[in-house]
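The block underneath contains the structure these notes are about, expressed in structure tokens.
The values are calculated or read from the model by the stated rules, or taken from the named source; none is laboratory data. Bear in mind the structure is a predicted one, so any value in this text is a computation, not a measurement. In this analysis, Cβ positions are derived from the backbone assuming ideal geometry, glycine residues included, and neighbour counts consider all displayed protein chains.
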Amino acid sequence: MTVELKEHERLDDLQNGYFIIQNTQDFCYGIDAVLLSGFAKVKPGENALDLGTGTGIIPILLKAKTQGEHFTGLEIQEQSAKMARRSVAYNHLEDSVTIETGDIKEASALFGKASFSVVTCNPPYMTGNHGLTNPHLPKAIARHEVLCTLEDVIRESAQVLKPKGRFYMVHRPFRLAEIMGTMMKYNLEPKRMQLVYPFVDKEPNMVLIEGLLGGKSRITVEKPLIVYEKPGVYTREIREIYGDGR
């Protein structure tokens, strides 16, 4: 299938049989989305919702990596949602991946309560007044809590999850206390966590976390994930997550 790329767009090979359309002037996916897709588990027959899906990278990666039955992406920016739908069509995934336009804050109203077995989210990391807000709106929305907050994400995830459903998120360690407190406020018990370090001698700059709706109090902390052996060279673990032998 051929694809007509618009101005500033490119077609990226995901090295797993699928491709994704991205606009170089807007927010392009990064390693955090790839790590989240490797951390999340979607079992055979389960359906998953990705909140703030952007160009649809996480649903497409989860389709490639798991045996889940159906993957839905929710995106508030229509331009990004349209691009994601074009990627879905290019990969002939219309039967297993759906992209919806809508607001994270209204997810439970849009999909109904207890509708999904799994929810994933790579949310904006920065609060509205933390750091410099990018003047380019799509990037600002992706990086800063312009249109939704951490609490919005967790509250709506808890609402749309089925009993004992699982929540997966990648975020920044400096907000870890807030993340866990908010998860427990909405009965999403933290069950598994992994810190991600850029280099073995640096501080962690990402955290992957799994929550279980209605779960009992017990968390497993997995071994640290180191991204680079040396500048520009991924560790074996990261190469395995990418799955492309780079």
Looking at (1) under 22 Å from residue 167 (Cα atoms); (2) assigned to a loop (DSSP other than H, G, I, E, B); (3) touching a Lys or Arg at 6+ places or on another chain (Cβ under 8 Å); (4) in contact (Cβ under 8 Å) with a residue 60 or more places away in the chain, find the lone condition where residue 27 falls short.
(1)
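Output the residue which, of all residues in the range 47-58 that are assigned to a strand (DSSP E or B) and not small (Gly, Ala, Ser), is farthest from residue 207 (Cα to Cα). Walk me through it before giving the result.
Pass one, the range 47-58, residues assigned to a strand (DSSP E or B): 47-51.
Add one more test, that the residue is not small (Gly, Ala, Ser), and what stays is 47, 49-51.
Working: 47: 24, 49: 20, 50: 18, 51: 17 Å.
Selected residue: 47.
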So, in the range 147-191, of the ones that are of a type in the set (Gly, Ala, Ser) and not in a strand (DSSP E or B), which residue ends up nearest to residue 52 (Cα to Cα)?
157
Quick one: residue 90 ticks every box in (1) closer than 22 Å to residue 35 by Cβ; (2) at pLDDT 95 or above except a single one, so which number is it?
(1)
Looking at the range 170-212, which of the residues that are surrounded by fewer than 18 Cβ atoms within 10 Å (Cβ to Cβ) and polar (S, T, N, Q) is farthest from residue 238 (Cα to Cα)?
187
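The rows are residues; the columns are (1) assigned to a loop (DSSP other than H, G, I, E, B); (2) touching a Phe, Trp or Tyr at 6+ places or on another chain (Cβ under 9 Å); (3) surrounded by fewer than 21 Cβ atoms within 10 Å (Cβ to Cβ); (4) on the phi < 0 side of the Ramachandran plot.
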site: 10; (1), (2), (3), (4): no, no, yes, yes
site: 15; (1), (2), (3), (4): yes, yes, yes, no
site: 20; (1), (2), (3), (4): no, yes, no, yes
site: 36; (1), (2), (3), (4): no, yes, no, yes
site: 41; (1), (2), (3), (4): yes, yes, yes, yes
site: 45; (1), (2), (3), (4): yes, no, yes, no
site: 60; (1), (2), (3), (4): no, yes, no, yes
site: 64; (1), (2), (3), (4): no, yes, yes, yes
Residues in the range 97-113: is at least one surrounded by fewer than 23 Cβ atoms within 10 Å (Cβ to Cβ), on the phi > 0 side of the Ramachandran plot, outside any helix (DSSP H, G or I) and in contact (Cβ under 8 Å) with a residue 60 or more places away in the chain?
no
Out of all the residues in the range 69-79, is one or more without any contact (Cβ under 8 Å) to a residue 40 or more places away in the chain, more than 15 Å from the chain's Cα centre (by Cα), surrounded by fewer than 21 Cβ atoms within 10 Å (Cβ to Cβ) and not in a helix (DSSP H, G or I)?
yes
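Being under 20 Å from residue 29 (Cα atoms) and either modelled with pLDDT under 95 or among the β-branched types (Val, Ile, Thr) (or both) narrows it down to one residue among 226, 219, 179; which is it? Spell out how you get there, then give the answer.
On the way: 219 fails: under 20 Å from residue 29 (Cα atoms); 179 fails: under 20 Å from residue 29 (Cα atoms).
Going through 226, 219, 179 in turn, the sole match is 226.
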